[in-house]
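Q: My questions all concern the structure below.
The values are calculated or read from the model by the stated rules, or taken from the named source; none is laboratory data. Remember, it's a predicted structure, so these values are computed and weren't measured experimentally. For neighbour counting, all protein chains shown are included, and Cβ atoms are generated from backbone atoms with ideal geometry for every residue, glycine included. Just the protein is used for accessible areas: all its heavy atoms, side chains included, with ligands, DNA and RNA removed. Shrake-Rupley method; radii C 1.70, N 1.55, O 1.52, S 1.80 Å.
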Amino acid sequence: MASDIIGLHHVTAISGDAQANHDFYVRTLGQRMVKRTVNFDAPEVYHLYYADGAGTPGTVMTFFPFPGARRGRVGRGQVTETLYAVPVGSLDFWAARIAAAGGRVLGRATAFGEARLIAEDPEGLGLTMVERAEDPRAPWTGEVAAAEAVRGFAGVAMGVREEGPTAAILTDLFGYARIGEETAGAARRIRFAKPDDPSGLVELVIDPAMPNGLEAAGTVHHVAFRVADRAAQARVQQAVAAAGYGVTPQIDRDYFYAIYFRTPEGILFEVATDEPGFDRDEDPAHLGEALKLPRQHEHLRPRLEQMLPALVA
C-alpha cells in the first residue's frame, strides 16, 4: 500500500479577489491557468487551477477566491509554505518579481543544502522558492523564460506541535522516508521524501512559539497527495480507515477522484487520482479558457455566468 502514494498532486488555498489572484499566479509566477471552474460546495465561488502546461500532478496550485474574504493567519495546523522548485541562480529574479507584484520577500535561507527564497503572495500565502540543480520537468513559459521558470512543486511545509502523529501518517501510511532534520532557533524542521518524485518533499516545522493558524484568505485549505488511479486510492483509503482516521468515500471531482481526512494536528489531507486529468473536457491547447461547471451545477450556468466576476486573461 505504501508505494501507492506517488508524491503531491495539488495544493488548494483561499484567496479574496479572483482577478488579483489570477494576475499573480499567471503573470507573476508564470503558471498556466489550466481550469476555470467552481467550488463544488459553493458554486457561486470560482475554483481556479494553475499549473504547468498540461496540469501535471505535482505542479497544480488551486484557489477558492471568496470575494471580500478577510485575511487569515498562517500557523500551526496548516500547510505553512508551498515549496516551488526553480533553477539554480534564479532567486534574485524571483525576489524582484515577487516584490514588484505586491508580494513580500522575507529573506533567504539554506535548508538541507538548498538555497531558498522565503516569500509571500500579496495575500500572505507562504511561497518558498527552492533552487534545484536538476529537475526533469519542463516548465510552462507563458510569462517567464525557461532559465528562471517554476518547474512545479518541490513540496510543502507544515506547522505542527509535535513530530509523531503527522510523521506516522507520512511514513506508515504514505510510504515517505524521513531523510533529515535541522534546527533554526526554536524550530525544528524535519524532512520527509518520496525520492522518485520531484514534488515529493514534506517538511514538518515544529515550533512551540508558532501561533495556531486561522483559515481565511492567504492560507492553505488542504494539500492533496497523488495516486495513479481509483484502485490505488481505495487501498490508501482502507489503510487510513484501519489506522483510525475518519476518511470520506471516493468523491468525483471531475478531473480526479478524491478522498479526505484530517490529521491529529487538524491539517486536511486529500488523496487524489491522476485520472482522468484536466483535458477530459477541454482540448489541451485551450485549457482554462472556458468556464467549466460540475454536472450537478450545469443548470446554474446562466446565473453563475452573471454572478462570477469576469477574468481578464
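Q: Amide H neighbours of VAL74 under 5 Å, counting only residues 5+ apart in sequence or on other chains, H built in-plane at 1.01 Å?
A: Under 5 Å from the amide H of VAL74 lie the amide H atoms of LEU214, each far enough along the sequence or on another chain.
Q: Now, a different point. Using only the Cα atoms of the chain, construct the convex hull and provide its projected area averaged over every direction, in square nanometres to one decimal.
A: Details: hull surface 58.9 nm².
Seen from a random direction, the Cα hull of the chain projects 14.7 nm² on average.
Q: When the gyration tensor of the range 133-240 is built from Cα positions, what are the square roots of 5 times its three eigenvalues, in whole Å, from largest to smallest?
A: 25, 21, 16
Q: Next question. At a 10 angstrom cut-off on C-beta neighbours, averaged per residue, how do the peptides 64-70, 106-112 rank from highest to lowest?
A: Put in order of decreasing packing, that is 64-70, 106-112.
Q: Among DSSP beta bridges lying fully in the chain, give the percent that are antiparallel, nearest 5.
A: Within the chain, antiparallel bridges account for around 70 percent of the total.
Q: Which percent of the accessible area of the range 1-129 is formed by carbon and sulfur heavy atoms (probe 1.4 angstrom)?
A: Exposed carbon and sulfur together represent 51 percent of the surface.
Q: Moving on to the next point. Show log10 I(q)/I(0) for the range 177-276 at q = 0.10 Å⁻¹, two decimals, from a solvent-free Debye sum over equal Cα scatterers.
A: -0.35
Q: Got a sec to turn the phi values of the range 113-121 into Karplus ³J(HN,Hα) couplings, 6.51 cos²θ - 1.76 cosθ + 1.60 with θ = phi - 60°, whole Hz, x for Gly and Pro?
A: x, 10, 6, 9, 9, 9, 8, 9, 6
Q: How large is the helix-only mean residue ellipticity at 222 nm for the chain, computed as the sum of -39500 (n - 2.57) over DSSP H runs with n ≥ 4, divided by its residue count, in deg cm²/dmol to the nearest 500? Intermediate results must be reported in sequence, preceding the final value.
A: Numbers: 5 runs with 40 residues, N = 313.
Helix contribution divided over all residues of the chain: -3500 deg cm²/dmol.
Q: Mind running the shape call on the range 88-142? Use the C-alpha gyration tensor, a ≥ b ≥ c as the square roots of the eigenvalues: rounded below 1.5 for a/c, prolate if a/b tops b/c, oblate otherwise.
A: oblate
Q: Using only Cα atoms, what Kirkwood radius does the range 252-313 have, in angstroms?
A: Radius from the Kirkwood sum: 14.2 Å.
Q: Determine how large the accessible area of LYS292 is when every protein chain is in place; take a 1.4 Å probe and give Å² rounded to the nearest 10.
A: Accessible surface of LYS292 is approximately 50 Å².
Q: Given a Förster distance of 41 angstrom, what is the FRET efficiency for ALA209 paired with HIS297, based on the Cβ-Cβ distance and rounded to 0.05?
A: Numbers: r = 43 Å, r/R0 = 1.06.
According to the calculation, E is roughly 0.40.
Q: Dividing the Cα radius of gyration by the Kirkwood radius, what Rg/Rh value follows for the range 34-169?
A: Result for the range 34-169 is an Rg/Rh of 0.97.
Q: Residue by residue through the range 250-258, which ³J(HN,Hα) values in whole Hz follow from phi under the Karplus form 6.51 cos²θ - 1.76 cosθ + 1.60 (θ = phi - 60°), with glycine and proline marked x?
A: My calculation for the range 250-258 gives 5, 10, 7, 9, 6, 9, 6, 9, 9 Hz in order.
Q: Under a 1.4 Å probe, what is the accessible area of the chain per residue, stated in Å²?
A: 39 Å²
Q: Need one number: nm distance between label points at ALA42 and GLU275, each 7 Å from Cα along Cα→Cβ, rounded to one decimal.
A: Going from the ALA42 label point to the GLU275 one covers 3.3 nm.
Q: Can you pull the one-decimal nm distance between simple spin-label points at ALA310 and ASP92, each 7 Å off the Cα toward Cβ?
A: 4.2 nm
Q: At a 10 angstrom cut-off on C-beta neighbours, averaged per residue, how do the peptides 49-60, 173-184 rank from highest to lowest?
A: Descending mean neighbour count gives 49-60, 173-184.
Q: Largest first, what is the accessible-area ranking of HIS299, HIS222 with a 1.4 Å probe?
A: HIS299, HIS222
Q: May I pose another question? What residue among GLN19, GLN296, GLN233 has the largest mean-square fluctuation in a Gaussian network model of the chain, using Cα springs under 10 Å?
A: Between GLN19, GLN296, GLN233, it is GLN296 that shows the largest mean-square fluctuation.
Q: What's the Cα-based Rg to Rh of the range 122-170, Rh via Kirkwood?
A: Over the Cα atoms of the range 122-170, Rg/Rh equals 1.10.
Q: Extending each Cα 7 Å along its Cβ direction at TYR245 and ARG161, get the distance between those two points in nm, one decimal.
A: Computed distance between label sites TYR245 and ARG161 equals 1.8 nm.
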